[in-house]
């Protein structure tokens with residue numbers, strides 16, 4: 001039941017956390033908010049925000065490694081291909097008992113079934129980019145992105161946050 005509850009909440013997040021417009025100024029604001037929130041929690045992550053394949057914001061906190069950058073690439077690939085958060089996609093695959101290879105012919109070298117990448121959706125248009133965090137456990141990577149986007153877009157995080165595990 002918890003898996004189904006998470007999938008419903010993830011769909012609500014993706015429905016509510018959409019933008020009217022998105023540009024480099026928006027990406028900088030969101031990127032800095034992510035950096036500040038993660039630093040306040042004493043954690044270390046790498047952050048990447050891209051729009052239509054164009055990098056708009058990147059920051060790797062001290063203590064991150066090139067491995068975080070590869071996780072970002074693989075999580076972003078999921079969002080760009082499937083237009084869903086990487087966490088929602090990972091949980092849906094888990095629920096259905098599929099792997100990347102058997103369902104789509106994709107490998108873990110190219111796509112990560114892990115949370116932390118969230119679609120940049122323009123209202124009325126669809127997915128145009130991705131906001132990605134790597135460095136925390138994958139549910140937490142997803143959670144910090146949602147928390148920052150909820151605040152930025154004036155949404156109530158209490159209505160959108162996943163239940164604590």
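Are any of the residues in region 123-142 touching a residue at least 12 places away in the same chain (Cβ under 8 Å), buried (at least 24 other Cβ atoms within 10 Å of the Cβ) and assigned to a helix (DSSP H, G or I)? Yes, that holds for at least one residue. Considering only residues in region 143-165 that are assigned to a helix (DSSP H, G or I) and without any contact (Cβ under 8 Å) to a residue 60 or more places away in the chain, the one that is nearest to residue 120 (Cα to Cα) turns out to be 143.
Residue-by-condition table, conditions (1) within 20 Å of residue 112 (Cβ to Cβ); (2) in contact with a strand residue (DSSP E or B) (Cβ under 8 Å, 6 or more places away or on another chain); (3) surrounded by 15 or more Cβ atoms within 10 Å (Cβ to Cβ):
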residue: 7; (1), (2), (3): yes, no, yes
residue: 10; (1), (2), (3): yes, no, yes
residue: 16; (1), (2), (3): no, no, yes
residue: 30; (1), (2), (3): no, yes, yes
residue: 35; (1), (2), (3): no, yes, yes
residue: 47; (1), (2), (3): yes, yes, yes
residue: 50; (1), (2), (3): yes, yes, yes
residue: 62; (1), (2), (3): no, no, no
residue: 70; (1), (2), (3): yes, no, no
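Check 14, 20 and return the single one that is modelled with pLDDT of 95 or more and more than 24 Å from residue 165 (Cβ to Cβ). Of 14, 20, the one residue that is modelled with pLDDT of 95 or more and more than 24 Å from residue 165 (Cβ to Cβ) is 20. Listed by position, the helices (runs of 4 or more DSSP H) inside region 12-104 whose residues that are touching a residue at least 12 places away in the same chain (Cβ under 8 Å) and within 14 Å of residue 145 (Cβ to Cβ) number at least 2 are 24-40, 66-82, 86-96. So, in region 97-122, of the ones that are out of contact with any helix residue (DSSP H, G or I) (no Cβ under 6 Å at 6 or more places or on another chain) and within 20 Å of residue 7 (Cα to Cα), which residue ends up surrounded by the most Cβ atoms within 10 Å (Cβ to Cβ)? My answer is 120.
The values are calculated or read from the model by the stated rules, or taken from the named source; none is laboratory data. Just so it is clear, the model here is predicted, and its values are computed rather than measured. So basically every Cβ, Gly included, is an ideal-geometry build from the backbone, and we count neighbours across all protein chains shown.
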